[in-house]
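**Q** I have a structure I would like to understand better, so I am pasting it below and will then ask my questions one at a time.
Any read-out appearing in this document is the output of simple, stated calculations on the displayed coordinates, not a laboratory observation. None of the values given here were measured: they were computed from a predicted structure. Virtual Cβ from ideal backbone geometry, glycine too; neighbours counted across all protein chains shown.
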Amino acid sequence: MKWEGNRESDNVEDRRDDGGGGGGGGFGFGGRSIGIGTIAIALIGSYFLGVSPMTILSALTGGGGGGASQVQQAPAHQTPASDKQAKFVRTVLASTEDAWTALFQAKNARYIKPKLVLFTGATQTACGTGQTASGPFYCPGDQIVYIDLAFYRLMQERFHVSSEFAQAYVIAHEVGHHVQHLLGIDKQVEAARNGSESQANAASVKLELQADCLAGVWAFHANQTEKILEKGDVEGALAAATAIGDDTLQRQSQGTVVPDSFTHGTSAQRVRWFSRGIDSGEIGQCDTFGARQL
């Protein structure tokens, strides 16, 4: 992936020296805490493409509503210029800012840029205590993307994914959740909280697959304007998407596949929706909620 020398975002806050971000009992869901079993499953899935409990659970408990204009973001604490990994994150975030600003402007709308927070171990968020074990996540309550950069090392160790484009895709997927929030799409998942667990899971799958597609839309436009893609980048991202489908993870962890418990989509679905976004570059192609087949 070609990224060095491109614009860097000023909306990155570095909390890595904050000493772990404090305690807390984890994330709440409808008045219930998430047990260790759920966290363990989330840990496996969260190693790539923002498979995080935070986005879905925050929306389901009402954290995803409201407009973006009411959020006041403090000036971001900058990281040293010598920190290449942080520089990469700033550059990718800037690329998403440029792409989505242009796409929103084309629809006579204003894109509100999210902040991205780097942390180590744990950090306080409007959605509860964010932890490394949750993987990268987006909190609609404060409209911030959170990531512990140790996650990228885990990506390589667990899934053998080390390409920079795959790492950029992680950020773009979480920014995709921010786009959903600005468009009010996450309210459709919030409405599922009164339904059955299978209904809530089905809504979660649609939300996550749409974020995959929106990440593809970003990649299309970023490549059009910045020529970021190199040979093998897309193939590597698709291979990684295959590795973290719900069906693949369940088969590896428990030997059986339980479709009603899916929260992020099958390997084939994740590949299909990312491909749909990167091939078309059109937000309208990402309507997972209206699709007859995922």
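**Q** Taking into account only those residues within the range 105-134 that are free of Cβ contacts under 8 Å to residues at least 24 places away in the same chain and part of a helix (DSSP H, G or I), which is surrounded by the most Cβ atoms within 10 Å (Cβ to Cβ)?
**A** Of everything passing the filter in the range 105-134, THR132 is surrounded by the most Cβ atoms within 10 Å (Cβ to Cβ).
**Q** Report the residue count in the range 272-293 for those that are among the hydrophobic types (A, V, I, L, M, F, W, C) and surrounded by fewer than 17 Cβ atoms within 10 Å (Cβ to Cβ).
**A** The qualifying residues number 2.
**Q** If you scan the range 155-184, which residues turn out to be more than 19 Å from HIS221 (Cβ to Cβ) and either in contact with a Gly (Cβ under 7 Å, 6 or more places away or on another chain) or buried (at least 18 other Cβ atoms within 10 Å of the Cβ) (or both)?
**A** Selection gives MET155, VAL161, SER163, HIS181.
**Q** Are there any pairs with C-beta distances below 8 angstrom linking a residue in the range 166-193 that is free of Cβ contacts under 8 Å to residues at least 24 places away in the same chain to a residue that is in a helix (DSSP H, G or I), with the two at least 6 apart or on different chains, and if so which?
**A** ALA191/ALA203
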